[in-house]
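Throughout, read-outs are computed from the coordinates displayed, never taken from laboratory work. These numbers come from a predicted model, not from an experiment. Cβ placement follows ideal geometry from the backbone for every residue including glycine, while neighbour counts extend to all protein chains displayed.
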Amino acid sequence: MAKRTIVAMPGDGIGKVVLNETIRVLDAAGFDAEYVNADIGWEFWCKEGNPLPERTLKLLKEHKIGLFGAITSKPKDAAAEELAPELQDKGLIYSSPIVGLRQHFGLDICMRPCKTYKGNPLNFIRRGAGDTIEEPEVDVVIFRQNTEGLYGGVEWSDPPDQVYEALMTHPKFLKNFGSTPREEISVSTRIFTKKYTERILRAAFEHAKQYGYKSVTVCEKPNVIRETSGMMYKMAKDIQKSDYPEIQLWNTNIDAQMMWLTKNPEDYGVIVAGNMFGDIVSDGFAGLIGGLGFACSAQFNPDSGIGVFEPTHGSAPKYADYDVSIVNPVAMIESACMMLDFINQQEIAAKIRKAVAEVIAEGKVRTYDMMKMSGRPDVIEKGAASTQQMADAIIERIK
């Protein structure tokens, strides 16, 4: 079997260290691959005016599989101020390179599993009957539509004539905003299409069927956002009735769902949502299993076979400057396991997941977040494991 080439995109801040440690784990588990580094992130925005250079797109198009660390993103004005002097005042506008990757390659299916690790001191607990303490086991997979909705990038400040005139044809816009000066109006659209709504719904139902989840929950807001959320729920009902009658279809509003997270998280299986609500609910469930240090994700296009695998945490630049890295690499390692599943290397993925679970259950090696410490440089002296030490412990279990 030919050696697989993986496009390694460290990005910014802690993305570099967690990706390096993850590659060490992959090597130890016997994954035979070559890694080609690709440029992405804040450094390339500042010096080139493009956080997602064309050369990186070419590499991913050629090799199809990417492991991504993290990026730094800043608001429009702050981003413009950090451009190299020769790029100032040239009309360059920063946009998230990971969103750019999703849209360029049509990585419309985003999958974010949130599963409890036994022995993790950060697991959610609650009070039960008779003042008992309960630790519900969370096993939820969120399917987030990744290229449309509020993150589609169709937005304006001081909308141009055609847009403004179109908006003015809607009676609610005319009534509520018609007297507002145009230059005071900013508009962000929420666009759903039937094609990609159906794709994310079917992906969710297929996953539930394959892995034995009893329910798929549409988590939107159809009682208020009637056209887009309403369309998704109606399509889900039609798909469930015709093709997946054995799987229950549940419907929750995003606001109520966030309340129910701490009431009955163990009741949920697969959740599917649009871009923004999927982002919100996945972070909510991640909090129940230990936070962003344990939150992994995959985003892929089933037609092209292109996939990018990344932790959902940010670049945390202050931690990147520490002499010894203290951040938890588990989210990045688990994202690599999702990559292995995607390319049919499930045995290696299972070996790594088993090692991670054993290290966490044993409890001898814990990063600062697992020890409930503030993220200061001196946590290592107080007994917290460094990023490298956590990876070392996982590698030892693999061997």
* Could you list the trypsin sites (Lys or Arg not before Pro) in region 61-118 that lie in coil according to DSSP, counting only those with at most 12 other Cβ atoms within 10 Å of their Cβ? => Lys90, Lys118
* Structure fact -> Residue span Leu174 to Lys364: 0.36 nm per residue of separation minus Cα-Cα distance leaves a gain in nm of 62.1 nm
* How large is Rg over Rh for the chain, taking Rg from the Cα atoms and Rh as the Kirkwood inverse mean of 1/r across Cα pairs? -> 0.98
* Simple label model, 7 Å out from Cα along Cβ direction - Glu43 to Lys241, nm -> 5.5
* Structure fact -> Stretched fully, the stretch from Lys209 through Met259 gains (0.36 nm per residue minus C-alpha distance, one decimal, in nm) 15.3 nm
* To do: Within region 172-242, report the trypsin sites (Lys or Arg not before Pro) that DSSP leaves as loop and that have at most 14 other Cβ atoms within 10 Å.
  => Lys214, Arg226
* **Potential extension, Gln88-Asp378 segment - 0.36 nm per residue separation minus Cα distance** => 100.4 nm
* Could you give the nm distance between label points at Glu396 and Gln346, where each point is 7 Å from its Cα heading toward the beta carbon? -> 3.1
* **In sequence order, calculated HN-Hα J values of region 179-188 (Karplus, 6.51, -1.76, 1.60; Hz; x Gly/Pro)** => 8, 7, x, 4, 5, 9, 9, 10, 10, 10
* Under the span-like rule (Cα at least 15 Å along the axis, Kyte-Doolittle mean at least 1.0), DSSP H helices of the chain -> 330-342
* Asked: Can you list residues whose amide H is under 5 Å from Glu220's amide H, if they're 5+ apart or on another chain and H is modeled 1.01 Å from N?
  -> Thr252, Ile254
* Modelled label-to-label distance, Glu54 and Arg126, 7 Å Cα→beta-carbon offset: nm? -> 5.4
* Asked: Given R₀ = 45 Å, FRET efficiency for Val324-Arg182 by Cβ-Cβ distance, to 0.05?
  -> 0.25
* Structure fact -> Under 5 Å from the placed amide H of Cys114, counting only residues 5+ away or on other chains, we find Val140, Val141, Ile142
* Asked: Can you pull the Kirkwood radius for region 262-399, inverse mean 1/r over Cα pairs, to one decimal in Å?
  -> 16.4
* What's the longest bit of the chain with no exposed GluC sites (Glu not before Pro), using DSSP loop states and at most 16 other Cβ atoms within 10 Å as the test? -> 247-380
* What FRET efficiency comes out for the pair His104/Glu81, r = Cβ-Cβ distance, R0 = 25 Å, nearest 0.05? -> 0.40
